[in-house]
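Trainee: Starting off with a structure, shown below.
The values are calculated or read from the model by the stated rules, or taken from the named source; none is laboratory data. This structure is a prediction, so every number in the text was calculated from the model and none was measured. Here the Cβ is made from the backbone with ideal geometry for all residues, glycine too, and neighbour counts use every protein chain on show.
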Amino acid sequence: MDKCPFCNILSGKLEGTIVYQDEICTAILDIQPINPGHILVIPNQHIPDLASLPPDTGKQLFAVGQKLAASLRLSSVQCTGVNLFLADGKAAMQDVFHTHLHVIPRFEEDGFGFTFSPRYAELPTRDELEEIGFHLKEALKIVQKQEEQN
Ligand SMILES: [Zn+2]
């Protein structure tokens with residue numbers, strides 16, 4: 001994991017501002033923050049993607065993210081709202097392939113937002129929702145079966 005910037009921060013080869021650390025995860029300040037105080041919560045182990053993330057590690061990432069969100073609201077950082085964001089895969093804008101949970105302080109008119117596709121304005125029909133729901137439930141059965149086998 002020589003080229004992973006997060007592993008290099010964890011090992012001390014790269015500088016990083018660590019704001020929290022426990023036996024499972026570490027929280028560092030993003031070097032290219034969306035807003036000042038933008039934090040990344042990373043597993044201490046190199047875990048490239050969501051599929052490889054042990055559920056207990058995921059729970060801890062979220063629990064720490066929740067604590068940090070509360071801390072941001074109490075701190076001197078401008079923060080009247082928070083986004084928790086996890087990108088899984090290049091298509092989802094994952095840029096570092098060491099899973100990380102973004103804790104992004106937000107305030108009114110901070111200039112950050114999501115861009116929606118033109119499709120967003122066209123609401124799916126009830127039948128379309130049911131069909132997608134059916135296929136997802138079938139896929140979930142496969143995922144659960146795979147988990148049972150591991
Ligand atoms: Zn890594």
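Trainee: Which ones in region 7-25 are outside any strand (DSSP E or B), within 14 Å of the ligand (Cβ to nearest atom) and surrounded by 13 or more Cβ atoms within 10 Å (Cβ to Cβ)? Steps first, please.
Mentor: Initially, region 7-25 is screened for residues outside any strand (DSSP E or B), giving 7-17, 22-24.
Next, from what is left, pick out any that are within 14 Å of the ligand (Cβ to nearest atom): 7-14, 16.
Result: CYS7, ASN8, ILE9, LEU10, LEU14, GLY16.
Trainee: Pairs only if they're at least six apart or on different chains, beta carbon under 8 angstrom, first in region 1-14 and touching a residue at least 12 places away in the same chain (Cβ under 8 Å) and within 13 Å of ASP95 (Cβ to Cβ), second among the aliphatic types (A, V, I, L, M) and near the ligand (Cβ under 9 Å from one of its atoms); list them, first residue then second.
Mentor: Here the result reads CYS4/VAL96; PRO5/VAL96; PHE6/ILE42; PHE6/VAL96, each pair linking region 1-14 to a residue that is among the aliphatic types (A, V, I, L, M) and near the ligand (Cβ under 9 Å from one of its atoms).
Trainee: Sticking with this one: Which condition number does ALA87 fail, the rest of (1) modelled with pLDDT of 95 or more; (2) more than 18 Å from the chain's Cα centre (by Cα) being met?
Mentor: (2)
Trainee: Need the failing condition index for SER52 against (1) out of contact with any Leu (no Cβ under 8 Å at 6 or more places or on another chain); (2) more than 21 Å from ILE24 (Cβ to Cβ), just the number.
Mentor: (2) is the only condition that SER52 fails.
Trainee: Report every pair of residues separated by at least 6 positions or lying on different chains whose Cβ atoms are under 6 Å apart, first residue within region 29-41 and more than 13 Å from LEU68 (Cβ to Cβ), second assigned to a loop (DSSP other than H, G, I, E, B) and among the β-branched types (Val, Ile, Thr).
Mentor: Every condition considered, the pairs that remain are PRO36/VAL77.
Trainee: Can you tell which of PHE114, PHE134, PHE85 is closer than 27 Å to GLU23 by Cα and free of Cβ contacts under 8 Å to residues at least 40 places away in the same chain? Let's see the steps before the verdict.
Mentor: Values: PHE114 fails: closer than 27 Å to GLU23 by Cα; PHE134 fails: closer than 27 Å to GLU23 by Cα.
Answer to the check: PHE85.
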